[in-house]
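S.K.: Attaching a single structure in structure tokens format; questions to follow.
The values are calculated or read from the model by the stated rules, or taken from the named source; none is laboratory data. Everything numeric here is computed off the predicted structure, so don't read it as measured data. Cβ placement follows ideal geometry from the backbone for every residue including glycine, while neighbour counts extend to all protein chains displayed. Just the protein is used for accessible areas: all its heavy atoms, side chains included, with ligands, DNA and RNA removed. Shrake-Rupley method; radii C 1.70, N 1.55, O 1.52, S 1.80 Å.
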Amino acid sequence: MSFSAARVVALLADQVGFDNDPLAATREERKLADTLAHILREATLDSLVFETREEIGTADPKEEDEESDPTWNADDLDLVDDDPPPDRKRFLFSNGSATLETIIAAANFYRETTDKPNRSLSCMKTKYRFISNDYDLRKLEMFARENENSSRRLSRIKGLQCLSDDLLKEVYQAFEDGYSLHDVDLAVMALKINREHNYIADFTASPSYISRFKAKHRICSRQTTKFVSTANHNHSATIKKEADDFVATIRNEMKNRPLNHFCNADQSGFLKEMHSKRSLAPMGVKTVVRCVQSKASLTHSYTVMPLVYADGSICDLLFVVLQEPGGTFPKKKPIFTAPNLCVTAGSSHIMTKGHMKEWISKCIH
């Protein structure tokens, strides 16, 4: 006969009586009624677990099941204490409770058979006393599947973490090497790492994964503010060390020599004609035109090289390089000269080695 929740309610009404005024029920009475209704629904679905106690007696050897485990002995009994250890969670079954480790071991034993898909109920009841019916076997299978899924999830999470760590190292190494990176580069790097280490099966480096990776490690698209050559970037540490060593050597020398023996020089470029790139204009005008004396003067410059000594004095001559056609001044048109200027010409305003020799011979005493 199938289970009937209505029949149970009728039996309860017969024992405790029946009230025809449900609207007068208190809050506690409604909560208790909801709990009982939930229990009845679980029982209707055959999902209710009953905890029972059985008297252990001496079994007749003739009544022993033919399918019982022949290797079983008394030491294999899964005894259940009344007070389980607080650090080991136990799960209820029809005939007691068991830890998760015992349940997984029982599930493995349930599947370990060569001639049948699974072991029989009688065999499982003999080896694991907390199992008593088919519902317990279904619950055992459910625990086993959840444990396998949990293991796969943990394995995937660990693989994603290892992949993220390796990818972050490669990304920062690329930053240090001066490479420009985009989302597609991160995807290619992630796929390469996963192929080499086989962290995750069916990994595709999707755009959502790249977005989460960038957000987690605070990486975003930024405008490049400075470009340097590969040689200077690769030897930047060496150049900095040589510069620091040079400064330390000069400071030691300055302790033993007069300050006017040490000087500092630096090239400075100036446009021949300087104008602001902004001007007042009517609102809505798309093109703003302003006049200059020479358009070429806005892009061509001249170079000056002042010389300052450590005692605060400056050199008597200011070295100036002007850009002239052919790198020479016109013979028929004299240029302006001054006693404190040393002016020379070049095909561009940039100083060459020849200009450097001329500066040393004329400006440094």
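S.K.: Loop-only chymotrypsin sites (Phe, Trp or Tyr not before Pro) in segment 116-197, please: DSSP not H, G, I, E or B, and at most 12 other Cβ atoms within 10 Å.
M.R.: Tyr179
S.K.: Now for a different question. Just tell me the longest site-free run in the chain, where the sites are trypsin sites (Lys or Arg not before Pro) in a DSSP loop having at most 11 other beta-carbon atoms within 10 Å.
M.R.: Longest gap between qualifying sites, sites excluded: 90-217.
S.K.: For segment 204-243, run through the chymotrypsin sites (Phe, Trp or Tyr not before Pro) and keep only the ones in DSSP coil with at most 11 other Cβ atoms within 10 Å of their Cβ.
M.R.: Phe227
S.K.: Strictly over 22 Å apart at the Cα level, which of Lys295/Lys353; Lys226/Lys357; Lys331/Lys353; Lys169/Lys192 would you flag in this model?
M.R.: Lys295/Lys353; Lys226/Lys357; Lys331/Lys353
S.K.: Using only helices, what value at 222 nm comes out for the chain when you add -39,500 (n - 2.57) per DSSP H run of length 4 or more and divide by the total residues, to the nearest 500 deg cm²/dmol?
M.R.: -14000 deg cm²/dmol
S.K.: Looking at segment 94-160, which GluC sites (Glu not before Pro) are in a loop (DSSP not H, G, I, E or B) and have at most 15 other Cβ atoms within 10 Å?
M.R.: Glu112
S.K.: If you roll a 1.4 Å probe over the chain with all protein chains in place, what percent of the accessible area is carbon or sulfur?
M.R.: Solvent-exposed carbon and sulfur of the chain make up 55 percent of the total.
S.K.: Taking the Cα-to-Cβ direction at Lys331 and at Ser122 and moving 7 Å from each Cα, how far apart do the two end points lie in nm?
M.R.: Placing both labels 7 Å along Cα→Cβ, they lie 12.6 nm apart.
S.K.: Let me ask you something else. For the residue pair Arg138 and Asn198, what label-to-label distance in nm results when each label sits 7 Å from Cα along the Cα-to-beta-carbon direction?
M.R.: Output for this residue pair reads 3.9 nm.
S.K.: I've got another one for you. Which of Thr204, Thr352, Thr126 ends up with the largest GNM mean-square fluctuation for the chain, with Cα atoms connected below 10 Å?
M.R.: Maximum fluctuation in the GNM of the chain, among the listed residues, is at Thr352.
S.K.: Which whole-Hz couplings ³J(HN,Hα) result when phi for each residue of segment 202-211 is put into the Karplus expression 6.51 cos²θ - 1.76 cosθ + 1.60, θ = phi - 60°, listed in order with x for Gly and Pro?
M.R.: 6, 7, 10, 6, 5, x, 5, 5, 5, 5
S.K.: If I take R0 = 51 Å and measure r between the Cβ atoms of Thr238 and Lys158 in this structure, what FRET efficiency does the formula 1/(1 + (r/R0)^6) give, to the nearest 0.05?
M.R.: 0.80
S.K.: Tell me, what ³J(HN,Hα) does each residue in segment 355-363 have, in order and in whole Hz, if you take phi through Karplus 6.51 cos²θ - 1.76 cosθ + 1.60 with θ = phi - 60° and put x for Gly and Pro?
M.R.: The phi angles translate into 5, 5, 4, 4, 4, 5, 6, 9, 9 Hz.
S.K.: Related question: Name the lysines eligible as straight-distance cross-link partners of Lys139: C-alpha to C-alpha under 21 Å, and not fewer than 8 places from it in the same chain.
M.R.: Lys89, Lys116, Lys125, Lys127
S.K.: Same structure again: Once amide H atoms are built 1.01 Å from N in the peptide plane, which residues 5 or more positions from Leu318, or in another chain, come under 5 Å H to H?
M.R.: Those qualifying (amide H under 5 Å, at least 5 residues apart or on another chain) are Leu341, Cys342.
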